[in-house]
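*Asks:* Handing you this structure, nothing more for now.
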Amino acid sequence: RSVIGVSCFVIAPPFRRHGLASALLDRVIADASARGAAWIEAYPLNTPEESDAGHYRGPRSMYDARGFEPIEVRERDTVVRLSA
């Protein structure tokens with residue numbers, strides 16, 4: 001079975017901080033099992049830049065709120081995973 005990897009969210013500046021990344025992630029989660037995925041993974045940065053653009057992988061809190069579990073802490077990011 002496969003893994004769906006969420007690597008980044010590209011949201012135009014005027015539309016940031018309106019919940020679009022959360023809505024996109026929720027859609028990925030909702031569609032994952034129908035796509036044959038066993039897991040959904042994401043890679044939020046451990047110390048993102050202070051700007052909105054610095055959270056291009058999505059803030060860790062967004063994944064935590066949806067039940068993603070950390071499986072590997074790396075130098076730059078953490079691999080978080082959710083069962084599909």
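The values are calculated or read from the model by the stated rules, or taken from the named source; none is laboratory data. Just so it is clear, the model here is predicted, and its values are computed rather than measured. Here the Cβ positions follow ideal geometry from the backbone for every residue, glycine too, while neighbour counts run over all protein chains shown. For the accessible areas, the whole protein counts, side chains as well, though only heavy atoms, and no ligand, DNA or RNA atoms are used. Shrake-Rupley method; radii C 1.70, N 1.55, O 1.52, S 1.80 Å.
*Asks:* Only residues in segment 59-81 that are within 18 Å of residue 20 (Cβ to Cβ) count as the first member; pair them with residues that are modelled with pLDDT of 95 or more and part of a loop (DSSP other than H, G, I, E, B), Cβ under 7 angstrom, at least 6 apart or cross-chain, and list the lot.
*Replies:* The qualifying pairs are 59/44; 60/44; 63/44.
*Asks:* Here's a follow-up. Is it the case that segment 9-20 has a residue that's small (Gly, Ala, Ser) and either touching a residue at least 12 places away in the same chain (Cβ under 8 Å) or under 20 Å from residue 79 (Cα atoms) (or both)?
*Replies:* Within segment 9-20, not a single residue is small (Gly, Ala, Ser) and either touching a residue at least 12 places away in the same chain (Cβ under 8 Å) or under 20 Å from residue 79 (Cα atoms) (or both).
*Asks:* Are any residues in segment 16-71 open to solvent by less than 60 Å² (accessible area, probe 1.4 Å), within 11 Å of residue 82 (Cα to Cα) and either in contact with a Pro (Cβ under 7 Å, 6 or more places away or on another chain) or of a type in the set (D, E, K, R) (or both), and if so, which ones?
*Replies:* Listed by number, the residues that qualify are 41, 63.
*Asks:* Restricting the search to segment 49-70, which residues are over 14 Å from residue 9 (Cα atoms) and under 14 Å from the mean Cα position of the chain (by Cα)?
*Replies:* Across segment 49-70, the qualifying residues are 61, 64, 65, 66, 67, 68, 69, 70.
*Asks:* Which one of these is at pLDDT below 95 and of a type in the set (A, V, I, L, M, F, W, C): 38, 30, 53, 23?
*Replies:* 53
*Asks:* Hey, among the residues in segment 1-15 that are of a type in the set (Val, Ile, Thr) and either over 19 Å from residue 67 (Cβ atoms) or modelled with pLDDT under 95 (or both), which one's surrounded by the most Cβ atoms within 10 Å (Cβ to Cβ)?
*Replies:* Among them, the one singled out is 11.
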